[in-house]
1. Taking every alpha carbon pair in region 69-219, what does the distance histogram look like in 5 angstrom bins from 0, in percent?
2. Sorted by average packing, counted as other Cβ atoms within 10 angstrom per residue and highest first, what order do 146-154, 88-96 take?
3. Grab the Cα-Cα distance for Glu96 and Thr67, subtract it from 0.36 nm times how many residues apart they are, and report the gain in nm with one decimal.
4. Using the per-residue mean of other Cβ atoms lying within 10 Å as a proxy for protection, in what order, highest first, do the peptides 111-124, 191-204 fall?
5. Hey, rough spin-label estimate for Glu125 and Ala159, points 7 angstrom out along Cα→Cβ, what's it come to in nanometres?
6. If you average the C-alpha positions of region 97-132 and of region 63-86 separately, how far apart do those two centres end up, in angstrom?
Amino acid sequence: MLSRIVRAAGLLLVIGTGTFLSGCADDNTEPEAASAPEPAAEVLDDATNEVTDFSGAAFSWGGVTATVPEDWQEEAPENSMRKAQFRLKRAEGDEEDVSVVLTYFGVGQGGSLHNNKMRWAGMIEPVGDQSAMDSMKIETTEMGEIKLTTADLAGKYVAAIDMFNPGAGKHSKPNYRLYNAVIESPLGSHYVKVLGPQKSMEKWMPSIKAFLKSAKVKS
């Protein structure tokens, strides 16, 4: 009788052990499936409700796409008005990096080109007797559905430190360069603001111009 009980207990132990090991195998397969790579996160463009792709060299904002050079460092935008922000490493001897800011406010928004030129002129005090408006170098290029206008200014950077707080005062940075671009298309005006010390700006100008000339309406 005792031997029968021992044999029965042994059988139950074998069955129980097999069930436990089988359960462990199932547990091991679930994490493997869960750890499979997930699709890249998509970011919704606030202005157009379109998906913006951050995963590769092609970057789109408000329906316009441009190729971001590999050596541009993406940063978190400093405020909600900015769709994207990049930092370009300073040239040797300069104290600050170059910043690139992309904005888009929607179709018919952002003001006229003339009004924007007036605003940009207020950000720079040029060296010499010419006014900022007179010294501003304007170039316009037609690129299919896109009209690209650039405004180039150099001198002391004197824009407001905080546009939302006039009491914060103004910058005072000599030997700076401000290079603004307006990308006009059927989707409205897209803005690119590039700012930095003149030496660093000169270093990055080929890259900046390549970015602007790669712009196209997203298909």
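1. 2, 9, 17, 22, 23, 17, 8, 3, 0, 0
2. Working: 146-154: 18.8, 88-96: 13.8.
So the order, starting with the most tightly packed, is 146-154, 88-96.
3. On the way: separation 29, 0.36 × 29 = 10.44 nm, distance 2.42 nm.
Stretched fully, the Glu96-Thr67 segment lengthens by 8.0 nm.
4. Working: 111-124: 15.4, 191-204: 20.2.
Sorting 111-124, 191-204 by mean packing, highest first, produces 191-204, 111-124.
5. So the two model labels end up 1.8 nm from each other.
6. Each part's Cα centre sits 18 Å from the other's.
Coordinate-derived values only; no laboratory data. Owing to the predicted nature of the structure, the values given are computational and were not obtained by experimental measurement. Cβ coordinates were reconstructed from backbone atoms using ideal geometry, including for glycine residues, and neighbour counts include every protein chain displayed.
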